[in-house]
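Here's a structure for you.
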Amino acid sequence: MAYRLLAIVAAVALIIGVMVISAPRREGGGQSTAAGLPRDPGYAARDARLIETGADGHALYTLDAAQVEQQPDTGKVGFEQVRLGFRDSTGNQWNARADRGELAQASGVVELEGGVHVAGVLPDSGQPAEIATEHLDFDTRAQIIATEDPVTLLVSGRELQALGLSASLKERRVQLESSVHGSFLP
């Protein structure tokens, strides 16, 4: 009788062992959502180009980055070594570059950070202009460039420094916020 009981226990243990070993494994334990679905890993790319187009099909801006990584948990896309190209209301091309950037999906606001440099040509005068700062937001829909950080504005070799800047590309208006240093003479 002891042999039969031992044989039954061994058979049950063998069946349970086979079921455990052959069951599909769950990768990344703890990375599932409350509904039991696996976590969305997002996407990543190297040497990528994003082009946002308007209703007319023309490019609103192009964004080139050495690395792009979607962060699905935050709803943002991160960029490394960013280059951003866009046109103002008169069609003049502007280019921006930064060490890093971030775009909240469906927001249309590109946040640039680290050695931000923007260059283009001013409408009407045709004078070259440059903006340098450490952090800058570009609202692609409203076409507004803004920063609250220290900023340097260089126009035709003349330099202005300020704390904060707001530039509307549609209205062709630049406003330096505070602590402005420098002068422009006609």
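The values are calculated or read from the model by the stated rules, or taken from the named source; none is laboratory data. Values in this document were obtained by computation on a predicted structure and should not be read as measured data. Note: ideal-geometry Cβ built from the backbone for every residue, glycine included; neighbour counts use all protein chains shown.
Just to verify a result, which residue in the range 165-186, among those that are in contact with a Ser or Thr (Cβ under 6 Å, 6 or more places away or on another chain) and crowded, with 17+ Cβ neighbours inside 10 Å, is farthest from residue 90 (Cα to Cα)?
165
I've got another one for you. Among the residues of the range 130-148, what is the count of those that are more than 24 Å from residue 105 (Cα to Cα) and surrounded by fewer than 17 Cβ atoms within 10 Å (Cβ to Cβ)?
Count: 1.
The conditions are (1) surrounded by fewer than 13 Cβ atoms within 10 Å (Cβ to Cβ); (2) under 19 Å from the mean Cα position of the chain (by Cα); (3) at pLDDT 85 or above, and residue 77 fails exactly one of them. Which is it?
All conditions pass for residue 77, except number (1).
Step by step: first the residues of the range 156-186, then only those that are on the phi > 0 side of the Ramachandran plot and assigned to a strand (DSSP E or B), then the one that is farthest from the chain's Cα centre (by Cα). Which residue is that?
Applying the filter and picking the extreme gives 179.
Let me ask you something else. If you go through the range 143-170, how many residues are closer than 21 Å to residue 61 by Cα and at pLDDT below 85?
2
Continuing with this model, one more query. Name the residue that is nearest to residue 106 (Cα to Cα), counting only residues in the range 50-67 that are among the polar types (S, T, N, Q) and within 13 Å of the chain's Cα centre (by Cα).
Pass one, the range 50-67, residues among the polar types (S, T, N, Q): 53, 62, 67.
Then drop every residue that is not within 13 Å of the chain's Cα centre (by Cα), which leaves 62, 67.
Values: 62: 16, 67: 20 Å.
This residue is 62.
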